[in-house]
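The values are calculated or read from the model by the stated rules, or taken from the named source; none is laboratory data. Predicted model only: the values in this text are computed from it and were never measured. Cβ placement follows ideal geometry from the backbone for every residue including glycine, while neighbour counts extend to all protein chains displayed. Only protein heavy atoms, including side chains, enter the accessible area calculation; ligands, DNA and RNA are left aside. Shrake-Rupley method; radii C 1.70, N 1.55, O 1.52, S 1.80 Å.
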Amino acid sequence: MAGRPRVVASAEQLRALQELARSERRDEADRARAIVLSVNGWTSGQIARAFGVTPDSVRRWRSWFAAAGVAGLRAGGHPGREPMKSEAAAGVIENLLSAPVADRPNWTLPRLQAEITRRSEVTISKSQLSKVLKKTAFAGDDRGTACAADRMPTRSIAAGSD
């Protein structure tokens, strides 16, 4: 049949595909489900409509499966350089902010930048430092000030008043 490439998977590969289809990562799970559907005779167009992707994406997934098996469908690592500066900054920040609030100075972004450079010999931009601060363990605790919504008084409307 033209336009319907035959995808063949062994019983072991089908078990691995079904396991991958339960992955927490949706991209991996969708790719595995698409291959299972391909084995069952679905076309690229049918699978693409079911998953909201293009038929070319389904064909690419099939080629990954043909080339590397189930491992070819798994998500790869993050491309790019290692986050050297962010890791160095996070280490310094955790050390600086672990002191009790009463005993430590107020740290502004420029002061933190200078201290990180002094301690780790790594320069980091304000925007990157801000991202690091959001990801550190201190981002979610109650050491900061309350947000504006917490400080605003609530207004109740009495029944029957205009």
I need the trypsin sites (Lys or Arg not before Pro) found in the range 1-78, filtered to DSSP loop residues with at most 11 other beta carbons within 10 Å of theirs. R6, R22, R25
In angstroms, what radius of gyration and Dmax does the range 14-66 have, counting Cα atoms only? 10.0, 26
Within 14 Å, Cβ to Cβ, of A16, how many net charges do the neighbouring residues add up to if Lys/Arg are +1 and Asp/Glu are -1? +2
Where does the charge balance sit around E115 when Lys and Arg score +1, Asp and Glu -1, over other residues with C-beta under 15 Å from its C-beta? +4
With a sphere of radius 11 Å drawn around the Cβ of I47, what net charge do the other residues whose Cβ falls strictly inside it have (Lys, Arg +1; Asp, Glu -1)? +4
Can you work out the accessible area per residue across the range 13-59, with the rest of the protein chains kept in place, probe 1.4 Å, in square angstrom? 57 Å²
